[in-house]
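Chemist: Sharing a structure here in structure tokens format.
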Amino acid sequence: MKEKVKAQYMVQAAVIGSLYAAITLLLAPLSYGVMQVRVSEALVVLSMFTPAAIPGLGAGCFFANLLGPGGFIDAAIGSIATVIGAIGTYRLRNAFYAAPMATVASNAVIVGWMLYYFYAVPLPLVSCMLWVGLGELIACYGLGIPLARFLQSRRGDIGL
Amino acid sequence: MAIKDITLGQYFPGESIVHRLDPRTKILGTFVFLVTLFLVNRFAGFALSAAFIAGVIALSGVPVKFMIRGLRPILFLIVFSTILNLFVTAGTPIVQFGPLTITEEGVYRAAFMALRLMLLIFGSSLLTLVTKPITLTDGIERLMSPLNIVKLPSHELAMMMTIALRFIPTLLDETDKIMKAQTARGADFESGNLFRRAKGLIPLLVPLFVSAFRIAGDLAMAMEARCYRGGKGRTRMNGMAFSGRDAGALCVLVAYFAATIYLRTMGG
């Protein structure tokens with residue numbers, strides 16, 4: 001039984017990762033850069049329903065960034081930001097509207113810093129963070145919250 | 001972006017010495033190369049980095065045009081960053097266009113940043129060009145295995161990454177199909193402000209979730225039916241072993257790193 005749960009958890013995480021990467025790649029170039037609206041970040045609301053989303057989103061972000069224009073650095077740092085955000089969202093899962101804020105904040109700070117420092121985006125550090133944060137806000141609240149509301153009502157049907 | 005334009009994994013098949021290196025050597029090499037790019041503080045350092053990466057590209061047999069193609073998606077960022085650095089950096093003026101001034105320091109900084117960005121992209125894309133994604137995740141698993149001591153499940157993480165990688169093309173295809181089906185039913189993914197557009201993606205994501213979780217359920221059941229028991233005692237069809245060429249590559253890497261440090265601290 002324990003093994004079954006383990007396989008289920010792992011596969012669920014993997015599929016969430018694939019979903020994240022597929023949506024990011026399909027909606028590129030909107031998904032990359034300073035003024036990005038990474039729609040797939042809305043998937044972070046999944047971590048309000050299953051902890052499997054935490055490693056899953058991390059892996060998804062790793063692959064999406066590895067295959068994107070930013071390469072290995074973007075993959076490593078971006079996935080750390082996503083994992084931290086997903087952990088925060090999971091911890092705040094009972095505060096429905098506040099939970100995605102953890103992802104917005106983590107990505108704004110870490111990805112904004114990465115773009116400023118590693119990719120030499122010629123904007124002040126705070127502007128880099130604010131731009132990334134704005135894109136995250138649109139994805140997590142514009143799409144993430146309605147999605148979370150749907151998932152809440154149909155949780156059983158989907159198998160979450 | 002059309003699905004056919006997405007070069008998944010970007011692996012360039014080959015039998016070169018770089019292709020045959022252990023994935024751990026390649027990951028470590030990429031990491032060291034990327035670190036050195038941030039240690040460089042003068043153009044001589046970049047010349048060394050460029051020579052090093054050019055040597056590795058030549059050995060790998062990956063066509064140069066393939067490498068340059070990798071720069072295309074980031075071209076906008078390079079041009080944007082160059083133009084801004086040219087005009088924003090304060091210093092000794094060279095040319096003046098009305099209120100805009102190009103300074104000596106601006107030219108230096110713009111060239112410096114553009115070079116770093118290009119080498120950064122070359123370095124990180126070369127790793128995926130010469131390593132199969134599955135081999136890459138195997139390498140990551142082995143590199144992470146010491147973390148088992150702190151109870152980090154490295155096998156499970158690598159297995160999850162391998163499955164995720166396997167399903168990206170399947171879900172890309174599925175997303176494309178659902179997008180077309182919903183558009184035919186009148187779904188609008190392209191009009192309105194950003195918030196409205198983001199919300200407009202719900203008819204895409206809901207069926208996608210249902211389909212993806214069905215796949216997950218089926219796969220978990222199949223794994224259990226085949227007695228999947230995690231990483232303990234598991235063997236590999238293709239084992240991983242450090243060879244003489246890996247030792248040679250690591251020596252070159254150490255020499256390159258030492259030369260970079262030398263150029264940073266003592267070079268003229």
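Chemist: Return the residue satisfying two criteria in turn: it lies in the stretch B:182-196 and is more than 29 Å from the chain's Cα centre (by Cα) and either more than 26 Å from A:MET35 (Cα to Cα) or in a helix (DSSP H, G or I) (or both), and of such residues it is nearest to the other protein chains (Cβ to nearest Cβ).
Modeler: B:PHE195
Chemist: Only one of (1) surrounded by 14 or more Cβ atoms within 10 Å (Cβ to Cβ); (2) farther than 22 Å from A:LEU123 by Cβ; (3) more than 13 Å from chain A (Cβ to nearest Cβ); (4) modelled with pLDDT of 85 or more is not met by B:GLY29, so which one is it?
Modeler: Checking B:GLY29 against (1) surrounded by 14 or more Cβ atoms within 10 Å (Cβ to Cβ); (2) farther than 22 Å from A:LEU123 by Cβ; (3) more than 13 Å from chain A (Cβ to nearest Cβ); (4) modelled with pLDDT of 85 or more, the one that fails is (3).
Chemist: Name the residues in the stretch A:116-160 that are at the interface with chain B (Cβ under 9 Å from one of its Cβ atoms), more than 21 Å from A:THR103 (Cα to Cα) and in contact (Cβ under 8 Å) with a residue 60 or more places away in the chain, would you?
Modeler: The answer is A:VAL121, A:LEU123.
Quick grid of which residues meet (1) surrounded by 12 or more Cβ atoms within 10 Å (Cβ to Cβ); (2) in a loop (DSSP other than H, G, I, E, B); (3) under 31 Å from the mean Cα position of the chain (by Cα):
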| site | (1), (2), (3) |
| --- | --- |
| B:ALA212 | yes, no, yes |
| B:ALA222 | yes, no, no |
| B:TYR228 | yes, yes, yes |
| B:GLY231 | yes, yes, yes |
| B:PHE257 | yes, no, yes |
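Chemist: Identify, by number, the condition in (1) facing chain A (nearest Cβ under 9 Å); (2) within 21 Å of the chain's Cα centre (by Cα) that B:ASN85 doesn't meet.
Modeler: (2)
Chemist: Quick one: what pairs do we get from the stretch B:205-229, first residue more than 7 Å from every other protein chain (Cβ to nearest Cβ), second outside any helix (DSSP H, G or I), C-beta under 9 Å, 6+ apart or different chains?
Modeler: Matching pairs, first to second residue: B:ARG214/A:GLY159; B:ALA222/B:TYR228.
Chemist: Would you confirm, using the coordinates I've provided, whether B:ALA247 is out of contact with any helix residue (DSSP H, G or I) (no Cβ under 6 Å at 6 or more places or on another chain), within 30 Å of B:ARG24 (Cα to Cα) and assigned to a helix (DSSP H, G or I)? Before you say what the answer is, go through the steps one by one.
Modeler: Numbers: out of contact with any helix residue (DSSP H, G or I) (no Cβ under 6 Å at 6 or more places or on another chain): yes; within 30 Å of B:ARG24 (Cα to Cα): yes; assigned to a helix (DSSP H, G or I): yes.
Answer is yes for this residue.
Chemist: A:ALA86 - would you say it is aliphatic (A, V, I, L, M), in a loop (DSSP other than H, G, I, E, B) and modelled with pLDDT of 90 or more?
Modeler: Details: aliphatic (A, V, I, L, M): yes; in a loop (DSSP other than H, G, I, E, B): no; modelled with pLDDT of 90 or more: yes.
The answer is no for A:ALA86.
Chemist: Something else now. Working only within the stretch B:136-157, note down all residues that are of a type outside the set (A, V, I, L, M, F, W, C), assigned to a helix (DSSP H, G or I) and either touching a strand residue (DSSP E or B) at 6+ places or on another chain (Cβ under 7 Å) or touching a residue at least 24 places away in the same chain (Cβ under 8 Å) (or both).
Modeler: Of everything in the stretch B:136-157, those that are of a type outside the set (A, V, I, L, M, F, W, C), assigned to a helix (DSSP H, G or I) and either touching a strand residue (DSSP E or B) at 6+ places or on another chain (Cβ under 7 Å) or touching a residue at least 24 places away in the same chain (Cβ under 8 Å) (or both) turn out to be B:THR137, B:ASP138, B:GLY139, B:ARG142, B:SER154, B:HIS155, B:GLU156.
Chemist: Looking at B:MET160, B:MET179, which is the one that is over 25 Å from A:PRO55 (Cβ atoms), of a type outside the set (Gly, Ala, Ser) and assigned to a helix (DSSP H, G or I)? Outline the logic, then answer.
Modeler: Numbers: B:MET160 fails: over 25 Å from A:PRO55 (Cβ atoms).
When all the criteria are applied, what remains is B:MET179.
Chemist: Here is a check on your reading of the model: is B:SER211 at pLDDT 85 or above, under 28 Å from A:TYR141 (Cβ atoms), in contact with a helix residue (DSSP H, G or I) (Cβ under 8 Å, 6 or more places away or on another chain) and of a type in the set (Gly, Ala, Ser)? Before you say what the answer is, go through the steps one by one.
Modeler: Details: at pLDDT 85 or above: yes; under 28 Å from A:TYR141 (Cβ atoms): yes; in contact with a helix residue (DSSP H, G or I) (Cβ under 8 Å, 6 or more places away or on another chain): yes; of a type in the set (Gly, Ala, Ser): yes.
Judged against the criteria, B:SER211 is a match.
The values are calculated or read from the model by the stated rules, or taken from the named source; none is laboratory data. Predicted model, so just to flag it, every value in this text is computed and none were measured. As a convention, Cβ positions derive from the backbone with ideal geometry for all residues, glycine included, and neighbour counts pool all protein chains shown.
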